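Some notes on the structure that comes next.
Read-outs: derived from the displayed coordinates by stated rules, not from any lab. Keep in mind it's a predicted model, so treat the numbers as computed, not measured.
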């Protein structure tokens, strides 16, 4: 069953290729959604997919790309948005 997660990633997560790496990882797992930098220095991810792939994605988010230093995640479930792809959003 498909789920929608909203994930806020804390730490050194901007300026380290986090958004593009998130997109690449999501696409490899067959997930849809979007990712963007927030003004407070966090990264916000809206992602949809099957539970197993979402768990794998969350494991990746806890580490991120090589230069990232993830200090924590906030994860919440939300209603499905039926995204068709996975996009990187800009400010």
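A few points about this structure:
- Using C-alpha pairs under 8 Å with a sequence gap of at least 6, the mean separation divided by the residue count of region 2-80 gives a relative contact order of 50 percent.
- Principal-axis analysis of the Cα atoms of the chain puts helix 18-28 at an angle of about 30° to the longest axis.
- 222 nm mean residue ellipticity, helices alone, for the chain (DSSP H n ≥ 4; -39,500 (n - 2.57); rounded to 500): -7500 deg cm²/dmol
- Answer label, with mean projected area of the Cα convex hull in nm² calculated from the coordinates and candidates (1) 5.2; (2) 5.8; (3) 11.8: (1)
- The alpha carbon centroids of region 2-30 and region 40-91 are separated by 4 Å.
- The chain: angle of helix 51-61 to the longest principal axis, Cα-based, in degrees nearest 10: 0
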